[in-house]
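Engineer: I have a structure here, written as structure tokens, and I will follow up with some questions on it.
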Ligand code: LLP
């Protein structure tokens, strides 16, 4: 945890002490380390350096302009799944020809925006979508580059809500239909089928599912090329896991070995779409204890952050590490549930964690919250979206302001006939 460390027992992000941020920006707040993001990007790109791979950052993991810009500045392209993400990636300066667009339900309007921008590639997930893309492209006199998203029917061995590569999942087209798809694409006027794509799930801690899926993709690519289809590229998706709690994640080198072994010799350009791996470990949610409640069965530490700010624990049983910002060196530990103020039993950020004595006013950080944290937050219970802060060495900046309740109210309108 080199970018998150203690100095005189106080948790710092790089050279910035968290109590300083809490005092100046308030809590709850997301805090990200720019150096951590840079070092993650560098580790992955270096491990893959001998392969012809482009890295498309999956913007859904953290779509703050500053984060996309930071990664874009290092050479990353973007993987987007909506017109909103496309606009964010373009606004952050990602060149259109480094943007890939996935998702099972792209509307014609979204397709049109992507074609207008001249993006690099659509991952096409169904026959009707292929036809829609051709229609929209033809209507503006262009031709769109598409890759067929194949569902390799491999169990990614991850949480059920984030597994995507089994036949029963809604994503991609079954392998057996691929050849037919390419033949149909060739008959359409305004699409060019240039490759294959896949994504079997997120937070993969085991490389075997990758190995199985990439091997199937390689076999399919060879078969299609033998049948005369001119493939240029293979998009291998994202999903590389990180270490929450006691997890053990594969190293970039181990992952790169799998890529090299399975698809490295096909003579095709490769692409990957990592999201969580780039930013997950680079961020935390900073909260403050409101009350401590001693129950007969349990101790509840009630913090000012809640499930609307970080939904992963309750939605995916995710176990984010918990750190006291100061006072962590105390030896006496007792179990506690760390919960928010929302009126639902599912509103917890961590359960049954051993913590030293904590008091109202103490700061508590939930680690590894840089991916799928802020982007999945909501204003449930009329709780305004929390700010995001980027630290870079001794510098820091608010990269998204805290929303206000006035702003929430201002978005509603009461029809005239009600007043
Ligand atoms: N490419 C495609 C087509 C995807 O659907 C996804 C994630 C990615 C790339 C990036 O996956 P990553 O490298 O971040 O694992 N909200 C969930 C994760 C949902 C992932 C959805 N798709 C969570 O908090 O765990």
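Values quoted throughout were computed directly from the atomic coordinates according to the rules given, and no laboratory measurement underlies them. Remember, predicted model here, so these are calculated numbers, not experimental data. Because the Cβ atoms are built from the backbone with ideal geometry, glycine has one as well, and the counts that use them run over all protein chains shown.
Engineer: What FRET efficiency would be calculated for the residue pair residue 378, residue 226, taking the C-beta separation as r and a Förster radius of 41 Å, to the nearest 0.05?
Structural biologist: Efficiency for this residue pair is about 0.25.
Engineer: What are the extents of the Cα atoms of the chain along their three principal axes, in Å, largest first?
Structural biologist: So the three principal-axis extents are 69, 62, 41 Å.
Engineer: Let me ask another. In what order do 411, 40 fall by count of nearby beta-carbon atoms within 10 Å, going from fewest to most?
Structural biologist: Listing 411, 40 from fewest to most nearby Cβ atoms yields 411, 40.
Engineer: Zone of residue 408 (label point 7 Å along Cα→Cβ, backbone N under 19 Å): which residues in the range 295-323?
Structural biologist: 303-312
Engineer: Rounded, prolate or oblate: which fits the range 153-210, taking a ≥ b ≥ c as square roots of the Cα gyration tensor eigenvalues, rounded meaning a/c under 1.5, else prolate when a/b beats b/c?
Structural biologist: Prolate.
Engineer: Any idea what angle helix 208-226 forms with the longest principal axis of the chain, computed on alpha-carbon atoms, 0 to 90 degrees, nearest 10?
Structural biologist: Computed tilt is about 20 degrees.
Engineer: How far is helix 252-263 tilted off the main Cα axis of the chain, in degrees rounded to 10, range 0 to 90?
Structural biologist: Taking the Cα atoms of the chain, the angle to 252-263 is about 20 degrees.
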